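One structure below.
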Amino acid sequence: MEKLKIFQLEEEVWYAAHNLMEFLNWYDKNIKPIEAPEDLKELQMFAPEDGCTWSSDNITREDVEALGEGIELDRGGSGNLKRFGDTIYKLQTFSELIDGEDRQVPYRITGKG
């Protein structure tokens, strides 16, 4: 099975797909038509372990207890906690967010940007 890669075409929005062509075909059909080369000027591709985002997925009871009533908890990178409104987010690598996911690929990765 081909390993997933992370694609970013818009600021603070990420997608998981197996390869560039799979992503571009899906994006063109499902998100926004790609009409000119300029539409791809912001395109980035990277391995899931090479990037991270704030996500409310995978928040554990220990995370909630560690943050308590606070706004932010710095754990030195991945694993940092932050409260946005009433929701707790954790800084997580894309590997952590897609690990074990059994989804139709490509798909948008949920995150806070």
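The values are calculated or read from the model by the stated rules, or taken from the named source; none is laboratory data. Remember, it's a predicted structure, so these values are computed and weren't measured experimentally. Neighbour counts are summed over all protein chains in view; Cβ atoms, including those assigned to glycine, are modelled from backbone coordinates with ideal geometry. These accessible areas exclude ligands, DNA and RNA; they are computed on the full protein's heavy atoms, side chains included. Shrake-Rupley method; radii C 1.70, N 1.55, O 1.52, S 1.80 Å.
Remind me, what semi-axes does segment 29-89 give for its equivalent ellipsoid, largest first in whole Å, using sqrt of 5 times each Cα gyration tensor eigenvalue? Could the numbers behind the result be given before it?
Numbers: eigenvalues 232, 38, 21 Å².
Square roots of five times the eigenvalues give 34, 14, 10 Å.
Show which aspartates and glutamates lie in cross-link reach of K82 when reach means a straight Cα distance below 16 angstrom and same-chain residues fewer than eight apart are skipped.
Within the straight-line cut-off, K82 pairs with D57, E62, D63, E65, E69, E72, D74.
Could you give the dipole magnitude of the chain about its Cα centre, charging the beta-carbon of Lys and Arg +1 and that of Asp and Glu -1, in debye to the nearest 20? Working shown, then result.
Working: 13 positive and 24 negative charges, 21 e Å.
Its charge dipole is roughly 100 debye.
Tally Lys and Arg at +1 and Asp and Glu at -1 over the other residues with C-beta under 15 Å from the C-beta of E69: what net charge comes out?
Values: positive: K82, R83; negative: D63, E65, E72, D86.
That sum, taken over residues with Cβ under 15 Å, equals -2.
When the accessible area of the chain is split by element with a 1.4 Å probe, what percent falls to carbon and sulfur?
Numbers: 3300 of 7200 Å².
On the chain, the fraction of accessible area on carbon and sulfur atoms equals 46 percent.
Where in the chain is the longest stretch that carries no trypsin sites (Lys or Arg not before Pro) classed as loop by DSSP and with at most 15 other Cβ atoms within 10 Å? Walk me through the numbers before you get to the answer.
Working: sites that count: K3, K41, R75, R103, K112.
The reported range is 4-40.
Okay, helix-only estimate at 222 nm for the chain: each DSSP H run of n ≥ 4 adds -39500 (n - 2.57), divide by all residues, round to 500 deg cm²/dmol; what do you get?
On the way: 3 runs with 23 residues, N = 113.
Here the helix-only value at 222 nm equals -5500 deg cm²/dmol.
With Rg and Dmax of the Cα atoms in Å in mind, check (1) 16.3, 59; (2) 15.7, 49; (3) 13.0, 41 and report the label derived from this structure.
Answer label, from the structure shown: (2).
Return the single residue from D86, D63, D74 with maximal mean-square fluctuation; model: Gaussian network over the chain, springs between Cα atoms under 10 Å.
Fluctuation is largest for D86.
Using a 1.4 Å probe, what is the accessible area per residue for the chain, in Å²?
Values: 7200 Å² over 113 residues.
Heavy-atom accessible area per residue stands at 64 Å².
What residue among G70, G85, G51 shows peak mean-square fluctuation when the chain is described by a Gaussian network model with Cα springs under 10 Å?
For the chain, modelled as a Gaussian network with Cα springs under 10 Å, the answer is G85.
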